[in-house]
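Participant: Please read through the structure below; I'll follow up with questions.
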Amino acid sequence: MISDFAGRLLVIEDEPLVRMFAVDALSDMGFEVDEAATAVQAREVLSSQNRHIAALADVKLPDRSDVGWALELREVIPDLPLLVLSGMDEYLVLDAYKGIEKVGFLQKPYNQNALQMALEQLGIRIPTKEGTQG
């Protein structure tokens, strides 16, 4: 049983099937999840909700081609943890986020276990772990 609200995540992904997988995997972990297909939609969701504890952001979107675009989200919620998702080389992507705290990377394609591990490395508490016995 989950004892308290763990938080809401925002998934920003333009590919519908990839976004659906991420939303389903995160929901299975016990998170509340919002989704966006563009950077503009992501900013709107963050501005209207302002309850998000982290964002998972694809590095290339129809309205943003700059790999470091996700930092724009911190204009809405400062210090928002960001999990950057990409099929590109990790070092190329993370170079755009060099020296910036609370940024993680997850290589596409990924599975639910890899997603969970990446969130944990970013310091995000996984709700379903609260009620499990080891």
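The values are calculated or read from the model by the stated rules, or taken from the named source; none is laboratory data. Remember, predicted model here, so these are calculated numbers, not experimental data. Virtual Cβ from ideal backbone geometry, glycine too; neighbours counted across all protein chains shown. Each accessible area value is taken on the protein alone, full model and side chains, heavy atoms only, with ligands, DNA and RNA left out. Shrake-Rupley method; radii C 1.70, N 1.55, O 1.52, S 1.80 Å.
Participant: Could you check how much of the accessible area of the chain is carbon and sulfur, as a whole percent, using a 1.4 Å probe?
Facilitator: Working: 3460 of 7030 Å².
After summing per-atom areas, the C and S share lands at 49 percent.
Participant: Give me the one-decimal nm value for the distance between modelled label points at residue 20 and residue 112, 7 Å along each residue's Cα-to-Cβ direction.
Facilitator: If labels sit at residue 20 and residue 112, their model points lie 1.6 nm apart.
Participant: Counting helices only, and only those DSSP H runs with n ≥ 4, report the 222 nm mean residue ellipticity of the chain as the sum of -39,500 (n - 2.57) divided by its residues, in deg cm²/dmol to the nearest 500. Numbers along the way, then the final one.
Facilitator: Working: 5 runs with 44 residues, N = 134.
Mean residue ellipticity, 222 nm, calculated: -9000 deg cm²/dmol.
Participant: Spelling out what I want: for every residue of segment 64-71, take phi, set θ = phi - 60°, compute 6.51 cos²θ - 1.76 cosθ + 1.60 (Karplus), and round to whole Hz; glycine and proline get x.
Facilitator: Once θ is set to phi - 60°, the couplings for segment 64-71 become 8, 10, 6, 4, x, 4, 4, 5 Hz.
Participant: Just how many pairs of Lys in the chain have C-alpha atoms closer than 21 Å, counting pairs that are eight or more places apart or on different chains? Can you show the working numbers first?
Facilitator: On the way: 60/98; 60/102; 60/108; 98/108.
Eligible lysine pairs with Cα atoms under 21 Å apart amount to 4.
Participant: Residue-wise, which Karplus ³J(HN,Hα) couplings in Hz belong to segment 100-116, taking 6.51 cos²θ - 1.76 cosθ + 1.60, θ = phi - 60°, and x for glycine or proline?
Facilitator: Result, rounded to whole Hz: 9, 6, 6, 10, x, 9, 9, 6, 8, x, 9, 10, 4, 5, 5, 5, 4.
Participant: If we count every other residue with Cβ under 12 angstrom of residue 53's Cβ, Lys/Arg +1 and Asp/Glu -1, where does the sum land? Numbers along the way, then the final one.
Facilitator: Working: positive: 8, 51, 102, 125; negative: 32, 34, 79.
Summing Lys and Arg as +1 and Asp and Glu as -1 gives +1.
Participant: Given Cβ point charges of +1 (Lys, Arg) and -1 (Asp, Glu) and nothing else, what value in debye, to the nearest 20, does the dipole of segment 24-134 about its Cα centre take?
Facilitator: On the way: 10 positive and 18 negative charges, 33 e Å.
Dipole magnitude for segment 24-134 comes out near 160 debye.
Participant: Using the 2.2 N^0.38 Å rule of thumb for compact globular proteins, work out how segment 5-67 stacks up: its C-alpha Rg over that value, please. Please list the in-between numbers first.
Facilitator: Working: Rg = 11.2 Å, N = 63, 2.2 N^0.38 = 10.6 Å.
Segment 5-67 yields a ratio of 1.06.
Participant: Now for a different question. As an exercise, find the ratio Rg/Rh for the chain from alpha-carbon atoms, using the Kirkwood inverse-distance average for Rh. Display every interim value, and only then the final one.
Facilitator: Numbers: Rg = 14.0 Å, Rh = 14.9 Å.
My calculation puts Rg/Rh at 0.94.
Participant: How large is Rg over Rh for segment 78-118, taking Rg from the Cα atoms and Rh as the Kirkwood inverse mean of 1/r across Cα pairs?
Facilitator: Rounded to two decimals, Rg/Rh equals 0.97.
Participant: Return the long-range amide H neighbours of residue 32 (sequence gap of 5 or more, or a different chain), with a cut-off of under 5 Å between placed amide H atoms.
Facilitator: Under 5 Å from the amide H of residue 32: 7, 9.
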